[in-house]
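The structure under discussion appears below in the form of structure tokens.
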Amino acid sequence: MPVDQLDAVFGALADPTRRAILSRLTQGEASVLELAAPFSVSQPAISRHLRVLEHAGLISRTRRATARLSHLRAEPLREATVWLAGYREFWQESYERLDELLAALQEHEPDRSQPEDPTGRSTS
Amino acid sequence: MTEMQITAAPGVPQVLTTRELDAPRELVYRAFTEPDLLVQWLGPRKYKMTVERFDLRDGGTWRYVHADDAGNAFGFHGVFHGTPSPDGIVQTFEFEGAPGHVSMDTVTFEERDGKTTVRTNSVFQSVEARDAMVDAGMAGGMSEGYERLDELLAKMAANS
């Protein structure tokens with residue numbers, strides 16, 4: 001995916017209303033009126049959000065009678081996730097391995113950062 | 001254990017990560033700076049990591065290689081800037097598959113109640129360089145603001 005399209009996808013996803021619209025569209029196509037219903041924003045505002053999503057390639061729009069219907073287009077989302085997956089997976093797996101290593105190291109050499117209780121009392 | 005957080009905001013040539021580890025700072029610092037410990041955790045399990053150089057001092061250089069069973073090898077190298085300490089490590093980072101694309105990485109270690117929060121800050125030469133790094137499958141990330149993308153994709157998978 002080209003970088004400028006990635007920017008458009010991420011820009012589109014940065015807004016909670018637009019994410020909610022995409023979420024709604026996972027249930028199937030919807031008109032502007034239907035999409036505006038759950039939000040306390042005007043229909044023109046929803047239309048602006050739809051234009052941003054369309055520009056990012058996240059939805060396509062068709063006309064049926066007098067209604068413009070929006071459809072989810074999944075491919076850019078999947079590609080964006082793949083784009084993100086590399087670093088995330090690299091570091092998540094690394095840190096999981098580090099968790100294990102640190103646990104093993106602490107088993108062998110008891111935690112030196114906790115000084116012995118000078119009063120001799122145990123709080124546990 | 002807290003989930004790792006990654007931030008790679010659009011338009012900013014930077015990637016930030018935060019992760020808490022259940023160990024004191026001194027031990028975490030050792031895991032980051034002793035080659036025999038480093039090779040046991042840095043990178044996916046499918047790679048065998050070899051540290052070729054690790055001169056832990058101001059101006060010292062480092063190089064390591066990740067190799068898989070198929071014979072693919074990925075080399076990385078850089079230079080330490082300032083004296084590395086448990087307060088933090090500043091280094092340059094270059095993937096040898098993309099020479100000249102250098103990031104500056106800062107890692108800090110903060111201990112609280114016996115746990116250590118590791119923060120990384122990678123600054124790239126440009127947003128394009130950052131994104132190219134991400135495309136290479138080694139670096140990149142995702143803004144916390146996009147966390148719901150995962151939920152959304154899960155929902156899409158459930159509905160398709």
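The values are calculated or read from the model by the stated rules, or taken from the named source; none is laboratory data. Note that this is a predicted model, so its numbers are computed, not measured. Neighbour counts run over all protein chains shown; Cβ positions are idealised from the backbone, glycine included.
Summary table below
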read-out	value
Condition broken by B:TRP41, with the remaining ones in (1) of a type in the set (A, V, I, L, M, F, W, C); (2) touching a Lys or Arg at 6+ places or on another chain (Cβ under 8 Å); (3) closer than 22 Å to B:VAL102 by Cβ satisfied	(3)
Where B:ARG19 falls short, out of the listed (1) within 30 Å of A:ASP7 (Cα to Cα); (2) not in a strand (DSSP E or B)	(2)
Which listed residue is surrounded by 16 or more Cβ atoms within 10 Å (Cβ to Cβ) and closer than 28 Å to B:SER126 by Cα, from A:ALA20, A:ALA56, A:ALA14	A:ALA56
Residue that is farthest from A:ALA103 (Cα to Cα), among those in segment B:32-64 that are hydrophobic (A, V, I, L, M, F, W, C) and modelled with pLDDT under 95	B:MET49
Of all residues in segment B:1-46 being over 30 Å from A:VAL9 (Cβ atoms) and polar (S, T, N, Q), the one that is surrounded by the most Cβ atoms within 10 Å (Cβ to Cβ)	B:THR33
Lone qualifier among B:ARG19, B:ARG57, B:ARG45, B:ARG53 - being in contact (Cβ under 8 Å) with a residue 60 or more places away in the chain and out of contact with any Leu (no Cβ under 6 Å at 6 or more places or on another chain)	B:ARG19
